[in-house]
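The values are calculated or read from the model by the stated rules, or taken from the named source; none is laboratory data. Everything quoted here is computed from the prediction, not taken from an experiment. Glycine also receives a Cβ, built like all others from the backbone with ideal geometry; neighbour counts cover every protein chain displayed.
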């Protein structure tokens with residue numbers, strides 16, 4: 001199958017690696033061909049170019065007699081999209097009764113960016129190991145000073161230098177990681193616009209803008225991450241499949257947010273040397289504030305290490321899902337019934353890479369479902385065509401001259 005935009009060879013899922021054209025229909029769409037379909041590139045509006053080859057009046061459910069079999073709005077899934085078999089560009093402006101034709105949406109694979117983000121997050125975790133060591137070491141010196149245990153002033157200077165070096169590395173590493181992560185974050189959310197997916201709560205622009213609003217940056221990025229997660233998950237596209245658990249996503253965000261809160265508090269509890277010299281703060285309060293602040297900062301560093309590991313898992317998970325949707329990576333076999341173990345009688349194990357009529361994994365052989373015939377779906381009648389969910393397809397319209405004789409009586 002070739003791309004309708006540039007003519008390059010497509011992946012099995014209908015994604016074009018050359019120009020980024022993405023499939024427009026999910027695997028559960030009864031009108032989608034097994035390989036998916038690629039939308040045409042944007043073009044100038046024009047008039048209808050005629051019906052697709054073989055189209056007959058009334059060929060689709062709910063169609064009215066006419067040259068195109070025009071159906072009322074909502075007669076087709078996903079808001080009345082025309083069937084996938086229609087040739088690209090046949091109706092640039094849409095057909096009356098159908099939803100407007102989907103525009104060409106470029107998709108950018110995430111694997112390279114995901115690798116870069118993962119490496120930077122790993123570097124940040126290593127820096128946080130150094131930062132945690134520095135903060136806890138200085139907190140220990142504050143404790144010794146409070147308890148009256150003396151130490152060399154050179155040791156205190158070394159502890160201060162180590163903390164300053166760790167803070168400098170954290171600032172540089174956080175800046176580089178934030179830039180690359182936000183690019184990946186925006187592309188991941190933007191890619192989900194190219195296929196049918198659950199409704200998003202916020203637009204893709206918030207994938208970047210949400211990080212720069214004080215206080216709201218503890219909420220908005222998580223909403224966008226949740227949208228990206230649920231819209232990238234390929235499981236809801238199939239019947240009888242539950243969306244993947246969001247425990248990993250929430251664990252990352254809670255740990256990451258808590259580390260930021262503790263790091264901010266650690267600076268608020270400290271007292272400055274100027275206040276001590278001016279007599280506004282006692283030396284005991286200065287020592288207690290320094291010990292508490294360094295302990296909180298060290299704990300924040302440990303939480304950031306955990307958040308970095310969880311973030312790597314989230315990035316890799318979403319990237320893998322989107323690569324599977326585009327056919328760049330093999331899909332993970334899934335069972336049909338939620339909670340049903342693989343190999344249940346009547347439900348043969350899924351076979352990756354084996355196509356099934358209607359786009360359903362896990363039942364590639366005839367008779368894959370109890371009482372079914374080749375090409376049928378669960379709960380369908382014997383001989384039912386794929387995609388009709390157990391309903392017989394509409395009968396073919398009578399040929400001209402073969403209809404009922406209205407003048408018989």
* Return yes or no: is residue 120 at pLDDT 95 or above, surrounded by fewer than 18 Cβ atoms within 10 Å (Cβ to Cβ), part of a helix (DSSP H, G or I) and on the phi < 0 side of the Ramachandran plot? => no
* Structure fact -> Of (1) crowded, with 20+ Cβ neighbours inside 10 Å; (2) at pLDDT 95 or above; (3) more than 19 Å from residue 313 (Cα to Cα), residue 188 fails just (3)
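Going through 200, 154, 207 one at a time, which residue ends up being in contact with a helix residue (DSSP H, G or I) (Cβ under 8 Å, 6 or more places away or on another chain) and either over 27 Å from residue 228 (Cβ atoms) or in a helix (DSSP H, G or I) (or both)?
One residue alone meets the criteria, 207.
Identify, from the list 97, 112, the residue that is at pLDDT below 50 and under 30 Å from residue 14 (Cβ atoms).
97
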* Structure fact -> Scanning the stretch 125-162 for residues that are buried (at least 20 other Cβ atoms within 10 Å of the Cβ) and within 40 Å of the chain's Cα centre (by Cα), the one nearest to residue 299 (Cα to Cα) turns out to be 132
* Say whether the condition of being over 30 Å from residue 147 (Cβ atoms) and surrounded by 15 or more Cβ atoms within 10 Å (Cβ to Cβ) is met by at least one residue in the stretch 260-280. => yes
